[in-house]
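The values are calculated or read from the model by the stated rules, or taken from the named source; none is laboratory data. This is a predicted model, so every value here is computed, not measured. Neighbour counts are summed over all protein chains in view; Cβ atoms, including those assigned to glycine, are modelled from backbone coordinates with ideal geometry.
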Amino acid sequence: MSTFILLLLTGLGLAGLYYLVASGLSLVFGLADVLNFAHGLFLSVGAYATWWAATNLPGAGSEGLGFVLAVVFGVVAGAVIASIVELVLIRPLYRRTIAQVLVTVGLSLAGVALLQAIWGADPRPFPRPAWASRVTMIGGAAVPNSSLLLAVSAAMVLAGLLAFLRFTRVGLVIRAGVEDRSMVTALGIDVRKAFTLVFAIGGAAAALAGILAGVQFSVVSPGQGTSLLIFGFIVVVIGGMGSVTGTAWAAAAVGLLQQFVNYYASGLGDICVVALLAVVLLVRPQGLAGVAGGAHA
Amino acid sequence: MSAAPPTSRALLSIVDLRVRIAGSQILQGVSFEAPATGVTVLLGRNGVGKSTTLKAILGLTPAGSQVTGEVLFDGVPLLREPTHQLVRRGLGYVPEDRGIFAGLTVAENLKLAERVPDPDYDTAYGLFPELKQRSRQRAGTLSGGQQQMLAIARVLLNPNRLLLVDEPTKGLAPRLVTEVADVVARVAETVPILLVEQNLGLVRRVGRDAVVLAAGTVAYRGPIGPLLDDEQLTRALLGVGSHSRVREKQPEAAPQAQGMSAAHGAGGTAQS
């Protein structure tokens, strides 16, 4: 029983990590039709910014409020970089899908190389509060606090995102834009302003994912974001492009499946995730929450 | 420019509009004008480019299409202006497929369309009280007729200087065709409309000027009465014979629309 609880909660922690990566990816694709391969870079930016801030930013550190400040710094850095990427690189290329893919792929490669050039290719120890390396006893299972932190953070981001989409004007524009972008412009709304915001939100969530992954694995390395991005894409496809709740369900499914299978059949978890992806694509190609036929205009 | 224009002056001038989409030339030099009052009807056989004309005016042609020529709205060139900006000049668009957002509620669809601080819900709900009752319902679960009402109500929230309305009766049952015709007639009392419509009963009832497209250019331009009275001309330009085969409901819908208009006049529900 305690094993089950442990796997369940650590699986949800993993799901939380995937959700943070995938939520921005999904919204950006759903609204702007941009397949952002540079999304993994936002993870690394967040992680490195927090890592840098913990030692260099006055007031920031690896414990208590100082750590919170370092995390905030990393999240803001992710949002800022994402906005700049949208404004400078993506915006001139809307309606040119292939050029976008090339630019974002190139940016992700260049970004990783830049991080390597500055801080080296070796993993750096990530500043994490002592609390995060302890465990909490839940139902007889010793659950790592870092997993709980991931699960709770992702749940909060999900709730915040849903509230934002539901109760704000921009949220309304985004939901409508995911359905039919050109009709939104035909109502006199500059939908591209929402693109920048969605990039910023996605960048912030990805940066948080990068930071919490650093806490989880206790190291930060230049390629971390890119490897997590693959699972982010899988979650987005399974969940249905552009759906916030669909992405959440898919992240939970992928995280739990991977954790349970890896425990009982070591190493098969990743393959199972790919198998799940294949099954979803065969049975429900629009994704769990996607609308049949209404891919997005 | 801003001085009150005489009614005869064109509000919308289209000069030599050419549109090429995915390698095929849809419009090959279309020129016409829409006056600042009344309903101008854009007619023509299926696939002749009526919807494309409206989309080109609004800058909504698909990515990669080439649009040349000139579109002047009250003297202002529109073709190189982004869609959202030219819409804010007072162009209301009711697209052919209705363009409502299925995942949003009726109220959210309307809220999204608000462009001014004091949206005119009285007019919208006055014309379509049903929308108020269904405000919390998802728009995707509405019937076709209700979706059409929502698409029209949406543009009426804002002050419009011209409405572009694309086949509002498409796919609707005869009873709803009548209802839509009533609404178009009432709206046209205050706002000029450029209307794409195949239902000749509706066209005869609300239209004043006609522009007929054929083979990518304008084949007829002038008052609507003489066009529809000339059976030979109508058949030649609009292909009414084949037309009624495609849309079986139309022959019965047309006379009904005329009958109902009288009934509507007597009923005269609240409108300020």
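Can you work out which of the residues in segment B:117-146 that are within 14 Å of chain A (Cβ to nearest Cβ) and assigned to a loop (DSSP other than H, G, I, E, B) is surrounded by the most Cβ atoms within 10 Å (Cβ to Cβ)?
Per the criteria, the residue is B:Pro119.
I want to confirm something. Restricting to segment B:60-80 and keeping residues that are more than 20 Å from B:Leu27 (Cα to Cα) and either within 10 Å of chain A (Cβ to nearest Cβ) or of a type outside the set (A, V, I, L, M, F, W, C) (or both), which single residue is surrounded by the fewest Cβ atoms within 10 Å (Cβ to Cβ)?
In this case the residue turns out to be B:Gly75.
Condition first: among the aromatic types (Phe, Trp, Tyr) and within 14 Å of another protein chain (Cβ to nearest Cβ). Now tell me which residues in segment A:182-207 satisfy that.
Passing the criteria: only A:Phe195.
Have a look at B:Val218, B:Val212 and point out the one that is in contact with a helix residue (DSSP H, G or I) (Cβ under 7 Å, 6 or more places away or on another chain), in a strand (DSSP E or B) and over 24 Å from B:Leu112 (Cβ atoms).
B:Val212
Taking segment B:48-66 as the region of interest, how many residues are touching a strand residue (DSSP E or B) at 6+ places or on another chain (Cβ under 9 Å) and either part of a loop (DSSP other than H, G, I, E, B) or more than 16 Å from B:Leu195 (Cβ to Cβ) (or both)?
Count: 10.
Please count how many residues of segment B:67-95 are over 27 Å from A:Leu172 (Cα atoms), outside any loop (DSSP other than H, G, I, E, B) and not aromatic (Phe, Trp, Tyr).
The number of residues fulfilling the criteria is 8.
Based on this model, can you work out whether A:Gly61 counts as of a type outside the set (A, V, I, L, M, F, W, C), surrounded by fewer than 21 Cβ atoms within 10 Å (Cβ to Cβ) and in a loop (DSSP other than H, G, I, E, B)?
yes
Of A:Ser83, A:Ser23, which residue is in contact (Cβ under 8 Å) with a residue 24 or more places away in the chain and in contact with a Leu (Cβ under 8 Å, 6 or more places away or on another chain)?
One residue alone meets the criteria, A:Ser23.
For residues that are under 18 Å from B:Lys50 (Cα atoms), over 13 Å from the mean Cα position of the chain (by Cα) and not hydrophobic (A, V, I, L, M, F, W, C), tally how many sit in segment B:171-203.
Result for segment B:171-203: 1.
When you go through A:Leu212, A:Leu149, A:Leu165 one by one, which is the residue that is assigned to a helix (DSSP H, G or I), closer than 21 Å to A:Met241 by Cβ, modelled with pLDDT of 90 or more and within 19 Å of the chain's Cα centre (by Cα)?
Among A:Leu212, A:Leu149, A:Leu165, only A:Leu165 is assigned to a helix (DSSP H, G or I), closer than 21 Å to A:Met241 by Cβ, modelled with pLDDT of 90 or more and within 19 Å of the chain's Cα centre (by Cα).
Would you confirm, using the coordinates I've provided, whether B:Glu197 is surrounded by fewer than 17 Cβ atoms within 10 Å (Cβ to Cβ) and either at pLDDT 90 or above or not basic (Lys, Arg) (or both)?
no
Can you name every residue in segment B:96-116 that is more than 7 Å from chain A (Cβ to nearest Cβ) and either in contact with a Cys (Cβ under 7 Å, 6 or more places away or on another chain) or assigned to a loop (DSSP other than H, G, I, E, B) (or both)?
Matches in segment B:96-116: B:Glu96, B:Asp97, B:Arg98, B:Ile100, B:Glu114, B:Val116.
Considering only segment A:152-162, state which residues are more than 17 Å from A:Leu27 (Cα to Cα) and either of a type in the set (Val, Ile, Thr) or in a loop (DSSP other than H, G, I, E, B) (or both).
A:Val152
To keep it simple, each residue is scored yes or no on (1) away from chain B (no Cβ under 14 Å); (2) modelled with pLDDT of 90 or more; (3) crowded, with 24+ Cβ neighbours inside 10 Å.
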site	(1), (2), (3)
A:Pro222	yes, no, yes
A:Thr226	yes, no, no
A:Ala248	yes, yes, yes
A:Leu256	yes, yes, no
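Any residue at all in segment B:169-188 that's buried (at least 23 other Cβ atoms within 10 Å of the Cβ) and assigned to a loop (DSSP other than H, G, I, E, B)?
Scanning segment B:169-188, I find at least one residue that is buried (at least 23 other Cβ atoms within 10 Å of the Cβ) and assigned to a loop (DSSP other than H, G, I, E, B), so the answer is yes.
Among A:Ala204, A:Ala186, A:Ala200, A:Ala142, which is touching a Ser or Thr at 6+ places or on another chain (Cβ under 8 Å), closer than 30 Å to A:Ala117 by Cβ and not polar (S, T, N, Q)?
A:Ala200
When only residues in segment A:171-181 that are farther than 17 Å from B:Thr83 by Cβ and facing another protein chain (nearest Cβ under 7 Å) count, which is modelled with the lowest pLDDT?
A:Arg175
Could you tell me which of the residues B:Val184, B:Val155, B:Val165 is in contact (Cβ under 8 Å) with a residue 40 or more places away in the chain, within 20 Å of B:Leu131 (Cβ to Cβ) and in the same structural domain as B:Leu127 (by TED's automatic domain parsing)?
B:Val155
In this structure, is B:Ser24 of a type in the set (Gly, Ala, Ser) and surrounded by 16 or more Cβ atoms within 10 Å (Cβ to Cβ)?
no
Can you tell me which residue within segment A:84-97, out of those that are farther than 19 Å from A:Arg181 by Cβ and either crowded, with 18+ Cβ neighbours inside 10 Å or among the β-branched types (Val, Ile, Thr) (or both), is nearest to the chain's Cα centre (by Cα)?
This residue is A:Val85.
Regarding A:Thr168, is this residue within 14 Å of chain B (Cβ to nearest Cβ) and polar (S, T, N, Q)?
yes
List every residue pair whose Cβ atoms sit under 8 Å apart, with the two residues 6 or more apart in sequence or on different chains, where the first one lies in segment A:1-20 and is farther than 12 Å from A:Leu148 by Cα and the second, anywhere, is β-branched (Val, Ile, Thr) and surrounded by 24 or more Cβ atoms within 10 Å (Cβ to Cβ).
A:Tyr18/A:Val235; A:Tyr18/A:Val254; A:Tyr19/A:Val235; A:Tyr19/A:Thr247
Among A:Ala155, A:Ala132, A:Ala141, which is surrounded by fewer than 18 Cβ atoms within 10 Å (Cβ to Cβ), more than 14 Å from chain B (Cβ to nearest Cβ) and of a type in the set (A, V, I, L, M, F, W, C)?
Within the list A:Ala155, A:Ala132, A:Ala141, the selection yields A:Ala155.
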